[in-house]
Amino acid sequence: MARRLRIGIDTGGTFTDVVALDERGALVTTKTPSTPADPAEGFANGVGKVLGLLGAEPEDVAALSHGTTVATNRLLEDRIDDLGLVTTEGFESILEIARQSVPDGYGNSYFWVKPPRIVPVHRVRAVGGRLDHTGAEIRPFDEASAVAAARWFRDRGVLAIGVCLLHSYADPSHELAMREVLRREHPDAVVSLSCEVLREYREYERSVTTLVDAAVKPAMNGYLARIAERVASPLLVMKSNGGVLSADEVARQPITTVLSGPAAGALGAAFVVAHSGHGSVVTLDGGGTSTDVAVVLDGEPTLTTEGSIGRHPVKIPMIDIVTVGAGGGSVAWRSPEGALKVGPRSAGADPGPLCYGRGGTEATVTDAHAVLGRIPPHLLGGEVPLDADAARRGLAALAGDLGLPLERAAAGILEISAWNQANAIRQITVKRGLDVRDYPLVAFGGSGPLLACRLLDVLGLPAAVVPENPGNLSAFGLLTVDVKNDYVRTRVVRDAELDPALLDAVYADLESEAAEALAREGFPADRRRFARSADLRYCGQAFEVRVPAPAGPPDEAFRAEAVRRFHDAHEALYGYCYRDDPRHPVEWVNLRVSGIGPIDRPRLAERPAGDGDPSRARTGTRPVYFDAWEETAIYRREALAPGDTVEGPAVIEEFGSTLPLHPGFTAALDGHGNLVVTR
C-alpha cells in the first residue's frame with residue numbers, strides 16, 4: 001500500500017534541504033549539495049535521497065512542496081534580457097520618471113542617482129486609447145498602434161513583454177485587447193498584464209512589478225518543466241505571501257515566488273515556536289550565501305507590499321524579510337583602506353569555502369569557524385569532510401595582510417558577520433517601531449545558530465531558540481503552509497463618503513476570483529477560507545497602512561471597526577495618529593482578499609523528560625577558541641533529553657548545524673526538542 005509521503009524541498013545557495021512526512025506524522029530529514037548550474041538537478045537528487053532513506057518509491061509521494069530562489073537570483077544578478085514594455089500613448093517615460101529616491105545616499109560625489117531602467121527606452125512601445133481613474137473610456141483602444149507594437153517586438157525578437165496601460169486596475173479591457181493582438185501577431189511572446197499581476201494603482205510600481213513578472217517567466221517555467229521531467233509527483237511552490245500554489249498556477253504568476261525560500265523558513269519558525277509558548281519572535285535563517293531575518297507577531301509573520309528585490313520595487317504581498325549577505329560562505333577580504341570586510345560576496349556551493357577542498361581560493365566565515373574549532377571536522381554527519389588546514393593556510397595569508405594574529409583575524413571575521421546580522425535584525429525591528437529586546441531569537445539554517453550567543457550580547461535579546469533540525473527548518477516550513485492567493489482592487493474614497501455597498505460589491509468580486517482559483521487547486525466550497533484586509537491612510541499621505549478587516553458584512557459597524565484598527569496600527573508604526581480629528585480624514589485606498597485552502601499540518605508531540613544529566617550526550621572534547629583556546633566539551637544534540645542543561649563553553653553538534661555555546665551561556669532542551677539559549 002502507498003505510504004502517502006509529503007516532501008518539502010528548499011533549495012539554498014549551498015545545500016538543498018529535504019524533509020519527508022508520512023501519514024503517521026514521522027519525519028525524515030536530509031540534505032544534498034545544491035547544483036547552481038541547474039537547480040532542478042539538486043531538487044531531483046534530494047527527492048531520490050530521501051526516498052532511499054525511507055525505502056519508498058516515487059509513487060508513494062502524494063505532494064512535493066518547494067521553496068525556490070530561481071526568480072530571486074535572476075533579479076539579484078540582474079539577468080534581465082530582451083524585455084519589452086507596452087504602455088499608454090504619452091506615458092513612454094514612466095520608467096525614467098520613476099520615483100524620487102536617493103539609493104546611494106548623499107555621501108558620494110553626485111547628489112542624486114537613479115538605477116538603470118529595467119527596460120531601455122528604445123524597447124518601450126505606446127498604444128493609443130485612454131481610461132480615466134474610474135475605468136471610464138475617454139478614447140477607445142487603438143488596435144492599429146497595438147498591431148504595430150506587436151510586430152515591432154516580433155521583428156526584433158523581443159520575447160518577454162509586460163503590458164501596463166493607464167488605469168487598467170479600474171478596467172482591464174484595454175490590456176486584455178492588447179494581449180489578443182500579441183497572441184495573433186507575436187505568438188512566441190511571453191506576456192504579463194498588469195491587471196493580472198497587480199490590479200492596484202501607482203503606475204510606476206505596477207509597471208515594474210509587471211515587467212519583473214515577465215522577466216522571470218521564461219526562467220521559472222523552464223525550471224518547473226525540468227522538475228516535471230525528473231519527478232512526476234504533484235508540485236506545490238512556496239510563494240512570498242506565506243502560502244503555496246500548484247506549479248501550473250505559479251507558471252502564470254512567477255513573480256509571487258520572489259521570496260519563496262526565506263518565506264518558508266519564517267513560517268516554519270512560527271509554527272515550531274508557537275508550540276513552545278513563544279508567540280512573537282525574531283527569526284534568523286542563516287544559509288551559505290545570505291541571512292534572512294523576519295518578525296513573527298502573535299504567531300504570524302508580518303507582511304508588506306512595499307518590498308524590493310535588488311534594485312526592483314516589487315509591490316506584491318510578501319512576508320516582511322530583510323536579507324543581508326552574511327552567510328557561511330561570505331568571503332572575508334581586505335579593503336583598499338586596509339580594513340577587514342566580510343561579504344556580501346559569497347563563495348557559494350562551488351567551489352565553496354577553503355575547508356570544502358573544492359578549489360576555493362578565498363577565506364570565508366565557515367573557514368573562520370573551522371579554524372577556531374567551533375564546527376566539527378566534517379558536515380552532514382561525515383558526508384562533507386572539512387580540511388581545516390586549508391582554511392588555516394588561507395586565513396593565515398589574510399591575517400598576515402592585515403597584520404593580525406591568526407585567531408584575532410578569524411574572530412574578527414565572526415564579529416563582523418555577527419554585527420552584519422544584528423544590523424539586519426535592527427532593520428526589521430527598530431525601524432518598524434519594535435523594541436528588539438522584547439523578542440526571543442529563533443536561529444536556524446545551517447549557519448544560523450553559529451553566532452546566536454554573540455547576537456544575544458550585541459542586541460540584548462532575552463533568549464535564542466534553536467529548533468530541532470535547524471538546518472532543515474525551511475524545508476519543514478513548506479509542510480506547514482496553506483494554499484494561498486491574493487487579490488487586490490484600488491478604490492480611493494474618503495471614509496465619510498464611503499458607501500458600504502461599494503465595499504460589499506468589491507469584496508464579493510475579489511472572493512469570487514479567489515474561489516475560482518481554489519476550485520482549480522481542488523478545494524471544495526466547504527474547505528475555502530477568505531481573509532479580508534484594507535489599505536487606509538490619512539488624506540494627503542502618499543502611502544497606506546494595511547489592516548485586517550473585521551468579520552461580518554461590510555456595514556457601518558464594519559467600516560468603523562476598520563478605521564479604528566487603522567488608527568491603532570498607525571500609532572504603533574509611527575508613534576502618533578489622528579483619532580477623532582476631523583482635520584485629518586481617513587481615506588480608503590485598496591481592498592484585498594486572500595483565498596486560503598487549508599492543509600493538514602504536522603503534529604509536534606511533547607517528549608518525556610530525561611534525568612537532567614546531559615553527560616550521556618557528551619562525546620569528548622576538542623580545543624575551541626572563544627576568548628582563548630580551551631579544551632571544550634562536545635555534545636551530540638540527538639542524545640539530549642528535555643530537562644537537560646548544557647553550560648558553556650561547549651559545542652552542541654547535529655546533522656545539519658552546530659551551536660557553539662560561549663562561556664557564560666547555557667542551553668536547555670525544552671519539551672518539544674528546542675534548545676533555549678540564555679545568558
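The values are calculated or read from the model by the stated rules, or taken from the named source; none is laboratory data. Note that the structure is a prediction, hence the values are computed from the model and not measured. Please note: Cβ atoms are built from the backbone with ideal geometry, for glycine as well, and neighbour counts cover all protein chains shown. Surface areas here come from the heavy atoms of the whole protein model, side chains and all, with no ligands, DNA or RNA. Shrake-Rupley method; radii C 1.70, N 1.55, O 1.52, S 1.80 Å.
A few comments on the model shown:
- Working ranking of peptides 500-506, 165-171 by packing, defined as the average number of other Cβ atoms within 10 Å per residue, highest first, is 165-171, 500-506.
- When peptides 135-144, 473-482 are ranked by their average number of other Cβ atoms within 10 Å per residue, the highest-first order is 473-482, 135-144.
- The stretch 308-337 and the stretch 56-72: distance between their alpha carbon centers, rounded to Å: 26 Å
- Cα long-axis angle, helix 203-230 against the chain (0 to 90 degrees, to the nearest 10): 60 degrees
- Volume of the convex hull of the chain (Cα atoms only), normalised per residue: 174 Å³.
- Evaluated over the stretch 76-210, the Cα radius of gyration and Dmax, each in Å: 15.6, 51
- For the chain, calculated [θ]222 nm from helices alone, where every DSSP H run of n ≥ 4 adds -39500 (n - 2.57): -9500 deg cm²/dmol
- Farthest positive-ward along the chain dipole, Cα basis, beta-carbon charges - from PHE91, ASN485, SER533: PHE91
- Treating r as the C-beta distance of THR678 and GLU59 and R0 as 41 Å, the FRET efficiency rounds to 0.30.
- In this structure THR645 has an accessible area near 60 Å², from a 1.4 Å probe over the protein heavy atoms.
- Heavy atoms of CYS195: accessible area, 1.4 Å probe, square angstrom to 10: 20 Å²
- Normalising the average separation of contacting C-alpha pairs (under 8 angstrom, six or more residues apart) by the number of residues puts the relative contact order of the stretch 76-210 at 26 percent.
- Crossing angle, helix 500-520 versus the chain [Cα axis fit, 0-90 degrees, rounded to tens]: 60 degrees
- With N counted as the residues of the stretch 483-597, its alpha-carbon radius of gyration over 2.2 N^0.38 Å works out to 1.13.
- Lysine pair count for the chain (Cα-Cα distance under 29 Å; residues 8 or more apart in sequence or on different chains): 19.
- Helix 388-402 and the longest principal axis of the C-alpha atoms of the chain enclose an angle of approximately 70°.
- Relative contact order, percent, the chain [alpha-carbon distance under 8 Å, six or more residues apart]: 12 percent
- Peptides 575-582, 613-620 ranked from most to least packed give 613-620, 575-582, packing being the mean of other C-beta atoms within 10 angstrom over each peptide's residues.
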